[in-house]
């Protein structure tokens, strides 16, 4: 087994090395052998990020011209704001193309691309597919905004506002905070009740206070909201996210899985919005580069974690009763997004916000029924039990 793995590793290193200039091909191999135990070998590739093709080189496939001038992105590809913008442009395009493929195989529609500008600084690209064959409403939005923020928006920026230095906090409490935010956000509402809804959001903040001190951090996550519990689907979804986390640190998935369960809690309903995933915020260690590599891995896990579920269920038949249950679950989705979600609040409180893009996460159709409760022992009740008592899926 060890010999086979080492041969595989050599081929991997050779392939990666062939994809970059010789002076960039830096990859350290660490091998760990444990005698008498269950671990036969362990290896890791450090410097993997240095072998990654710069995201800005994928510009030909993007859904639109970037918000920042493309030449500027190329000339400043080491600046984190530029790196993040190029990465989310690539992720947006890859996800849209993957969803369009599933939609058009069923004779459906393509995404409309709406590029917009914000008077106070920056703008965004909103891609929406509405009233399709597979997707009732699918939105994939990127935003690159900067400017001054009022206290109401600042309070939504971090999970722990106290992480802002006291001087900066006093400054934003009395006036404004200079902020730059770059992120990608998506919510997919399929037509078939057996295809889950998926949401992901990955973002990067830079802020500067009145004393010139700067801070940066990342946040984000991916989560799944099914209407019917298919344990195989949920396990597949969580396994893909765990794989993305484990490439960086095996302690991350369980920590961020719990954070996700806690964050997407509809308190007045005493249930989670869905079956979870990962969620994190205020990520600013161990280094900016390592945080970016981690966020990139998480963003890249969206297509393999979700699209197979679309392929599996998109041709399934469903009943009127199942459709009505789907609409009720969407009502719960709306309740969370409008009452609890910090991302939605941040957008709505930001001056010059584009409300159409912020509210793209809302479904095309939803339903509220007075005092509804699923029948005991039903498929609907089985899902609700999991929403009230989160489980470990892998």
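Bear in mind these aren't lab numbers, they're just calculated from the coordinates by the rules spelled out. All figures in this text were calculated on a predicted structure; none of them were measured in a lab. When we count neighbours, we look across all protein chains shown, and the Cβ atoms used for this are built from the backbone with ideal geometry, even at glycine.
Indicate the gyration tensor shape class of the stretch 338-394 (rounded, prolate or oblate), computed on the Cα atoms with a ≥ b ≥ c the square roots of the eigenvalues: a/c under 1.5 is rounded; otherwise a/b larger than b/c is prolate and the rest oblate. Prolate shape, in that a/c is at least 1.5 and a/b is the bigger ratio.
With each label modelled as a point 7 angstrom along the Cα→C-beta vector, the residue 285-residue 70 pair spans 4.1 nm. Distance between the pseudo-spin-label points of residue 239 and residue 324 (7 Å out from Cα toward the beta carbon): 3.7 nm. Size descriptors for the stretch 60-388 (Cα atoms only): Rg and Dmax, in that order, 19.6, 61 Å. Assign one of three labels to the stretch 255-311, namely rounded, prolate or oblate, based on the Cα gyration tensor with a ≥ b ≥ c the square roots of its eigenvalues; rounded applies when a/c is under 1.5, prolate when it is not and a/b is larger than b/c, and oblate otherwise. It comes out oblate by the Cα gyration axes.
Rounded to 0.05, the FRET efficiency of the residue 106 and residue 216 pair, given R0 = 35 Å and the Cβ-Cβ distance, is 0.25.
Using a/c under 1.5 as the rounded threshold, could you call the stretch 231-357 rounded, prolate or oblate? The axes a ≥ b ≥ c are square roots of the C-alpha gyration tensor eigenvalues, and prolate needs a/b larger than b/c, oblate otherwise. It comes out oblate by the Cα gyration axes. In this calculation the C-beta distance from residue 117 to residue 378 is compared with R0 = 56 Å, giving a FRET efficiency of 0.70. For the listed peptides 351-362, 137-148, 292-303, a ranking on the average number of other beta carbons within 10 Å per residue, highest first, reads 137-148, 292-303, 351-362. Stretching residue 367 away from residue 232 to a fully extended chain increases their span by 45.8 nm, per 0.36 nm per residue minus the current alpha-carbon distance.
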